[in-house]
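What follows is a short report on a single structure.
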Amino acid sequence: MSSIRLRLFVILALVSTVVWSVAAGWVYVRTQHEVERVLDARLIEASRMVSSLLSSGEVARIPSTGPLNSTTRRESYDRQLSCQIWSLDGALIGRSDGAPGRRLTTHASGFSETTIEGERWRVYAVENREAGVRVLVGDNLGMRDHLVQSVITGLIAPAGLGLLAMAGLIWMSVGRGLAPIRAVTRVIAAREANDLSPVMTPEAATELKPFTDALNGLIGRLGAARKRESQFISAAAHELRTPLAGLRVQAQIAASATDKTVRDAALAQMTASVDRTARLVRQLLEMSRSEALLSTVEDRRWIALNDVWPELLHRAGDHAGIEIHEPGPVSLHAGPYPLSVILGNLLSNAAAYAAARVDVRVETGEPFARLIVEDDGPGVAPDDLANLGHRFFRAANARPGGHGLGLSIAEACARAQGWRMDYARSGLGGLRVNLSLPAADVRAEV
Amino acid sequence: MRILAVEDDPILANGLQVGLTAYGWTVDVAGTVQDALAALECHSFDALVLDLGLPDGDGLEVLRFVRTREMAVAVLLLTARDSTPDRVDALDAGADDYLGKPFDLDELAARLRAVRRRVLGRATVTLKHGDLVLDPKARLAWLGDRDLLLSRREFTILEALIERPGQVLSRAQLEERLYGWQEDIGSNAVEVHIHHLRAKLGAGLIRTLRGLGYTLQ
């Protein structure tokens, strides 16, 4: 059931029906009991009354004359009681109008129930030895049931109507009760896509607060992500303008050059510029993917470093000086994409700055294993080391043409893996990058 | 006009050097704030094409250096950050003009000529001295009705002299205007150009003050 209103309505309607039914059952039982008690008392009273009349001798004993007509069944309560007077030796002395001809009970005294001609009777018998008679007063049980049923139907009919009226009221009340939800819905539905302010409801129901809080939390995160994105886009647009400017200027030179060597040089510069811009675009895409990685968990699996080195070394321009030292074949538990971005950027960066040599070492250990990449290049000034992983940061002696993205991308991907990167001066003279990863993410292959 | 282009992107820097040289100017390139400051210390420039984002600092540092030293240099900022507040900040910091990347070389050249005119306090596009008229944009010169056919360096020397009427420019000052710092300068290069100019203009126009330099009569 998807509608809260319908759900609440059904629950409330069912509960009320059950409550009303239980109440009706209880009333039925009580009424029946009470009717029985009152009518039984009346039976006793009536039989005693007749008996006492006979004792006083004020009523003549009239012998029965002929068979009596069987009474027609009456629906009204005025002929509910039947009275028979029997002599102690078993002769019917008298009976009330409408009483059956057959003896109402064979019991000598007290209560009993019999069925005569299909009708059930409750009979009270009194023996009057003084008058030599037995007085039987019977009550038609059908009538009794009819009485109880009348009481119950009298109760059920308004109850049914009441239930219907209540159903309507419940439906309306639930609707009213859900008004704050509708209010929040309206507020959210009426929002512009760029409105990332927290949702405030005019009728702030406390029950809705966790919901609006969660929603506002989401909106907050969304706003932060969007802000990051727009910062990123403006940074990217900004970064692309310089290579575009270079490209345009070189194109103008090539177009207007009369000297072939000038034109060829400009065209060569344009080719180089396009290559570098393509690299910048690739890095920007890696950057934005690494940002997205922070919020999604990519499938991580065991990746043997020996399987990825060839491709990475190729990306690093197959630098002859790269030496890889592993304690043995090692696998890392990582997402394939972030791993290749991290190692690819570290290797390319080291290869670009190295004079002759790049050392890559894997050191297993507890609680952190380390992957170290160092080069014998010019290194980075101590003041700049702290800013090295910042996006678009370029050290004072950075090589021309870089964009300050490689290491920051590697660092973002490392963070997404729960790894850490820090920088130091290498013993070889250049930069040393330490990638620390939990020992659980490193496995020696056998 | 001698120009220092401060730009760290090697391809754009190369483009500025080659492109602006084609307008007849002498262009030197610096890639960092430090190189730019060193160049400004040692050489005199007429104009500075300055990129704001440099690896070792902000181009505005170079601008402040030029302005505090009260160097007579026209400064044109070149940057990717060209929102209105950025432009306002740059102009308030003392820049003469502003050009967003990417830009057109012709526009850059036109703006350089314009800021140069402003630095020299001149409202006209052409330069005049008596019958001599120079058009720095077209790089053409006339003497009366006669077209003068001048080489790039001859024009540069004449332009330098006509920009500062009555002033004496030393041989070193003229060399500064003519050659970038990587170029070899012949020992009597300036004399040779002056000699050629005199042949074209007539002997009387350019006066030599022995030991001091040259000026326009």
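Bear in mind these aren't lab numbers, they're just calculated from the coordinates by the rules spelled out. None of the values given here were measured: they were computed from a predicted structure. So basically every Cβ, Gly included, is an ideal-geometry build from the backbone, and we count neighbours across all protein chains shown.
For the residues of A:246-258, the average number of beta carbons from a partner chain within 10 Å of their own beta carbon is 6. Each of B:63, B:206, B:29 was scored by the projection of its Cα onto the charge dipole of chain B, and the greatest displacement toward the positive side belongs to B:206; charges sit on the C-beta of Lys, Arg, Asp and Glu. Of all beta bridges that DSSP places with both ends in the protein assembly as shown, some 75 percent have antiparallel geometry. The Cβ shell under 15 Å around residue A:353 holds other residues with a net charge of 0, Lys and Arg each +1, Asp and Glu each -1. How big is the charge dipole of chain B about its Cα centre, in debye rounded to the nearest 20, if each Lys and Arg gets +1 on its Cβ and each Asp and Glu gets -1 on its Cβ? Here chain B has a charge dipole of around 1200 debye. Tell me what chain A gives for mean residue ellipticity at 222 nm when only DSSP H runs of n ≥ 4 count, each as -39,500 (n - 2.57), the sum divided by the residue total, rounded to 500 deg cm²/dmol. For chain A, the value works out to -18000 deg cm²/dmol.
Using the rule -39500 (n - 2.57) for each DSSP H run of four or more residues, divided by the residues of chain B, the 222 nm mean residue ellipticity is -12500 deg cm²/dmol. Between the alpha-carbon centres of the range A:251-278 and the range A:1-59 there is a gap of 107 Å.
Fewest neighbouring Cβ atoms within 10 Å first, the residues A:83, B:42, A:413 line up as B:42, A:83, A:413. Positive end of the dipole of the range B:63-200, charges at C-beta (+1 Lys, Arg; -1 Asp, Glu), about the Cα centre: which of B:123, B:165, B:179 has its Cα farthest in that direction? So the residue furthest toward the plus end is B:165.
When A:405, A:12 are arranged by Cβ crowding within 10 Å, least crowded first, meaning fewest neighbours, the order is A:12, A:405.
Quick check: pseudo-label points 7 Å beyond the Cα along Cα→Cβ at residue A:127 and residue A:207, how many nm apart are they? Roughly 7.1 nm, to one decimal. Between the listed residues A:106, B:43, A:385, the Cα displaced farthest toward the positive end of the dipole of the protein assembly as shown, a dipole computed from Cβ unit charges relative to the Cα centre, is found at A:106.
Placing +1 on each Lys and Arg Cβ and -1 on each Asp and Glu Cβ, with no other charges, gives the protein assembly as shown a dipole about its Cα centre of roughly 1880 debye.
Basic side chains Lys and Arg get +1 at the Cβ, acidic Asp and Glu get -1 at the Cβ, and with that the dipole of the range A:148-253 about its Cα centre reaches some 320 debye. The phi-based Karplus calculation (6.51 cos²θ - 1.76 cosθ + 1.60; θ = phi - 60°) puts the 3J(HN,Hα) values of the range B:170-178 at 6, 4, 4, 4, 5, 4, 3, 6, 8 Hz, whole numbers, x for Gly and Pro. Here r is the Cβ-Cβ distance between residue A:200 and residue A:399 and R0 is 30 Å; the resulting FRET efficiency, rounded to 0.05, is 0.05. Within the shell defined by Cβ-Cβ distances under 15 Å, the residues around residue A:195 carry a net charge of +3, with Lys and Arg each +1 and Asp and Glu each -1.
With both labels modelled 7 Å from their Cα along Cα-to-Cβ, the residue A:420 to residue A:38 distance reads 8.9 nm.
Over chain B, what is the relative contact order in whole percent, taking alpha-carbon pairs under 8 Å and six or more residues apart?
For chain B, the relative contact order is 16 percent.
Each Lys or Arg adds one and each Asp or Glu takes one away; over the other residues whose Cβ falls under 14 Å from the Cβ of residue B:16, this sums to -4.
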